[in-house]
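Asks: Okay, here's the structure, questions in a sec.
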Amino acid sequence: MRKLLILVINLFILSCVFDPADIVFGLKVPLFCLSWFVFIIYKRDIDMLKIPRTLGMYVFLMIFLPIVSIIYYYISNGAQPYAGFSLLKAHMLISFSFLLYLSKINLIRSLCVILTLLAISIIMIYVVVLIYPLVFIPLYKFGLENEIFYIGEREYSADLKLWSIFFATSPMLAFSIAYYVQMAIVSFQKRAYIILATISIVGMFLAGTRNNMVTSILLPTVLLILGSRHKVLFSAISFCFFIGFANYFSGSILTMLDPLEKSNNTKLGMLSDYATIFSNPVDLLFGQGIGSYYNWKFRGANFVTELTYLEIIRNFGIIMGLIIFQLLLYPVVYAFYLNKSFKEKHLIVAYIFYLLMSITNPLFFASLGMLILSILLANIFIERYKLSIERTEKKRNIG
């Protein structure tokens, strides 16, 4: 029964990664529910463990706060259209951490295998379009209509145009990069893991956004520095390399960072909108309500922008927003402060990069962001459970 549960969970992850908008197969919700159904049957064969109080409170707050925000919206506004319930559905996915914890399932390896398939898909599409340009239009239409990927030329300026095969789930490749780089450092099968890490790095870079390209280069560098015996030397070499790289490509880098570049200009233009919103003390304290629409100068009426953390304050207000921020940072605080011997620090480093990417992209408060958070939370509390068992056994042996 455990194997069946793992199979269903892996199918659910496959659906999340390759059909993020749930348009092609529409299996995300059915597979999520099926996972719980199989788990309920499976738990008859295992000792039902209590959910740790901290994990229970974490999940409760991540679901309860959006519900409070929705109620507040209907009391204070109530206008249509409204997208609060669709965003609440993503928040509810955090409950997946309960299932993983109680089943003691570490999904990282399975997730990374699936993400490797994603990286291979990106690379293959890039090569196929390069060799057979005629397939570009049907692939472009399929990816765009089903909200799976966008392929095309990204124009930063008249002189800088880059091809990208942007899968909506490509930022998740940060976790497969972290996993394979760490395994290449500690495992005897270094060659295999170096190849797998390279596939993820190349796939993430070819996805084409600035976030993806920067992360695909910086993340493995940071992990190699942390895993190196000669951190100072490796850091110095890396610093010199990046200085040379930045100098050689200074023109392209400055173009990408140009405030007048279309995407940058749009995001910077939204800051004046946020300043207007937060000038209202009520909106600053209590927010406008999760899923509420706003008429943005550069985007028109929309319920979400790419500035994730400003959106938290707009949706929840400064009071509840600060609680959300603390929840997001909990895995980082746990791994680097509460339990410095945590074995999966490399994944937390990837999580930090994911949080940084989310500054200018709406990556977190969707099914993928919550799936990643659920897996990390489950792993954290599984390790805490194992540590408590070890301490109990030591006390018994001493006694």
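Asks: Only one of (1) touching a Leu at 6+ places or on another chain (Cβ under 9 Å); (2) buried (at least 16 other Cβ atoms within 10 Å of the Cβ); (3) in contact (Cβ under 8 Å) with a residue 40 or more places away in the chain; (4) polar (S, T, N, Q) is not met by Asn264, so which one is it?
Replies: Among (1) touching a Leu at 6+ places or on another chain (Cβ under 9 Å); (2) buried (at least 16 other Cβ atoms within 10 Å of the Cβ); (3) in contact (Cβ under 8 Å) with a residue 40 or more places away in the chain; (4) polar (S, T, N, Q), Asn264 violates only (3).
Asks: Can Met270 be described as surrounded by 16 or more Cβ atoms within 10 Å (Cβ to Cβ) and closer than 22 Å to Phe353 by Cβ?
Replies: Values: surrounded by 16 or more Cβ atoms within 10 Å (Cβ to Cβ): yes; closer than 22 Å to Phe353 by Cβ: no.
So Met270 does not fit the description; no.
Asks: Could you please let me know if Gly152 is without any contact (Cβ under 8 Å) to a residue 24 or more places away in the chain and at positive phi?
Replies: Values: without any contact (Cβ under 8 Å) to a residue 24 or more places away in the chain: yes; at positive phi: yes.
In short, yes.
Residues checked against (1) under 30 Å from Arg314 (Cα atoms); (2) of a type outside the set (A, V, I, L, M, F, W, C):
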{"position": "Met1", "(1), (2)": "no, no"}
{"position": "Ser15", "(1), (2)": "no, yes"}
{"position": "Ile23", "(1), (2)": "yes, no"}
{"position": "Pro30", "(1), (2)": "no, yes"}
{"position": "Lys43", "(1), (2)": "no, yes"}
{"position": "Lys50", "(1), (2)": "no, yes"}
{"position": "Arg53", "(1), (2)": "yes, yes"}
{"position": "Tyr74", "(1), (2)": "yes, yes"}
{"position": "Tyr82", "(1), (2)": "yes, yes"}
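Asks: While we're on this one: If you scan segment 237-255, which residues turn out to be within 21 Å of Leu162 (Cα to Cα), of a type in the set (S, T, N, Q) and either touching a strand residue (DSSP E or B) at 6+ places or on another chain (Cβ under 6 Å) or surrounded by 12 or more Cβ atoms within 10 Å (Cβ to Cβ) (or both)?
Replies: The answer is Ser252, Thr255.
Asks: Hey, another quick one. Residues that are in contact with a Leu (Cβ under 7 Å, 6 or more places away or on another chain), at least 1 per element: which helices (runs of 4 or more DSSP H) completely within segment 177-259 meet that?
Replies: Per the criteria, 190-206, 231-248, 250-257.
Asks: Now for a different question. Restricting to segment 137-149, what's the tally of residues that are in contact with a Gly (Cβ under 8 Å, 6 or more places away or on another chain) and closer than 15 Å to Phe18 by Cβ?
Replies: Taking segment 137-149 as the starting set, the residues that turn out to be in contact with a Gly (Cβ under 8 Å, 6 or more places away or on another chain) are 140, 149.
Those still in the list that are closer than 15 Å to Phe18 by Cβ too: 149.
The qualifying residues number 1.
Asks: Next question. Tell me, which residue of segment 16-40 that is within 20 Å of the chain's Cα centre (by Cα) and touching a residue at least 40 places away in the same chain (Cβ under 8 Å) is farthest from Leu363 (Cα to Cα)?
Replies: Phe32
Asks: Sticking with this one: From the list Glu311, Glu393, pick out the single residue that is under 21 Å from Asn280 (Cβ atoms) and charged (D, E, K, R).
Replies: Numbers: Glu393 fails: under 21 Å from Asn280 (Cβ atoms).
Testing whether each residue is under 21 Å from Asn280 (Cβ atoms) and charged (D, E, K, R) leaves just Glu311.
Asks: Being surrounded by 14 or more Cβ atoms within 10 Å (Cβ to Cβ), out of contact with any strand residue (DSSP E or B) (no Cβ under 7 Å at 6 or more places or on another chain) and in a helix (DSSP H, G or I): is that true of Thr276 here?
Replies: Values: surrounded by 14 or more Cβ atoms within 10 Å (Cβ to Cβ): no; out of contact with any strand residue (DSSP E or B) (no Cβ under 7 Å at 6 or more places or on another chain): yes; in a helix (DSSP H, G or I): yes.
Taking the combined requirement at face value, the residue does not satisfy it.
Asks: If you check Phe298 against the conditions, is it hydrophobic (A, V, I, L, M, F, W, C), at negative phi and touching a strand residue (DSSP E or B) at 6+ places or on another chain (Cβ under 9 Å)? Don't jump to the end; show me each part of the working.
Replies: Values: hydrophobic (A, V, I, L, M, F, W, C): yes; at negative phi: yes; touching a strand residue (DSSP E or B) at 6+ places or on another chain (Cβ under 9 Å): no.
Answer is no for this residue.
Asks: So Arg229 passes all but one of these: (1) more than 28 Å from Leu160 (Cβ to Cβ); (2) within 27 Å of the chain's Cα centre (by Cα); (3) exposed (fewer than 12 other Cβ atoms within 10 Å of the Cβ). Which condition number does it fail?
Replies: Arg229 satisfies all of (1) more than 28 Å from Leu160 (Cβ to Cβ); (2) within 27 Å of the chain's Cα centre (by Cα); (3) exposed (fewer than 12 other Cβ atoms within 10 Å of the Cβ) except (2).
Asks: Another one. Output the residues belonging to segment 198-216 that are farther than 23 Å from Val113 by Cβ and not polar (S, T, N, Q). Spell out how you get there, then give the answer.
Replies: Keep residues of segment 198-216 that are farther than 23 Å from Val113 by Cβ, which gives 208-211, 213-214.
Selection gives Gly208, Arg210, Met213, Val214.
Asks: When you check Lys43 against the structure, is it without any contact (Cβ under 8 Å) to a residue 24 or more places away in the chain and more than 23 Å from the chain's Cα centre (by Cα), yes or no?
Replies: Details: without any contact (Cβ under 8 Å) to a residue 24 or more places away in the chain: no; more than 23 Å from the chain's Cα centre (by Cα): yes.
When the stated conditions are applied, Lys43 does not pass them.
Asks: Look at Ala184 and say whether it is surrounded by 21 or more Cβ atoms within 10 Å (Cβ to Cβ), more than 21 Å from the chain's Cα centre (by Cα) and at pLDDT 90 or above. Let's see the steps before the verdict.
Replies: Values: surrounded by 21 or more Cβ atoms within 10 Å (Cβ to Cβ): yes; more than 21 Å from the chain's Cα centre (by Cα): yes; at pLDDT 90 or above: yes.
In short, yes.
Asks: What residue, among those in segment 283-293 that are aliphatic (A, V, I, L, M) and free of Cβ contacts under 8 Å to residues at least 60 places away in the same chain, is surrounded by the most Cβ atoms within 10 Å (Cβ to Cβ)? Give the steps one after another, and end with the answer.
Replies: In the first step, residues of segment 283-293 are kept if they are aliphatic (A, V, I, L, M); the result is 284-285, 290.
Next cut, free of Cβ contacts under 8 Å to residues at least 60 places away in the same chain only: 284-285.
Numbers: Leu284: 16, Leu285: 14.
Filtering first and then ranking leaves Leu284.
Asks: Can I ask one more? Taking the criterion of being closer than 19 Å to Glu344 by Cα, surrounded by 14 or more Cβ atoms within 10 Å (Cβ to Cβ) and touching a Phe, Trp or Tyr at 6+ places or on another chain (Cβ under 7 Å), would at least one residue in segment 125-137 satisfy it?
Replies: Residues of segment 125-137 that are closer than 19 Å to Glu344 by Cα, as a first pass: none.
No, segment 125-137 contains no residue that is closer than 19 Å to Glu344 by Cα, surrounded by 14 or more Cβ atoms within 10 Å (Cβ to Cβ) and touching a Phe, Trp or Tyr at 6+ places or on another chain (Cβ under 7 Å).
Asks: What are the pairs, 6+ residues apart or on separate chains, where a residue within segment 222-241 that is more than 19 Å from Tyr179 (Cα to Cα) has its Cβ under 7 Å from a residue that is of a type in the set (Val, Ile, Thr) and part of a helix (DSSP H, G or I)?
Replies: Lys231/Ile225; Phe234/Ile225; Ser235/Ile225; Ser238/Thr221; Ser238/Ile225
Asks: Looking at (1) under 23 Å from the mean Cα position of the chain (by Cα); (2) assigned to a helix (DSSP H, G or I); (3) of a type in the set (A, V, I, L, M, F, W, C); (4) farther than 20 Å from Asp22 by Cα, which is the one condition that is false for Ile105?
Replies: (2)
The values are calculated or read from the model by the stated rules, or taken from the named source; none is laboratory data. Computed from a predicted structure; not experimentally measured. We place every Cβ from the backbone using ideal geometry, glycine too, and count neighbours over all the protein chains shown.
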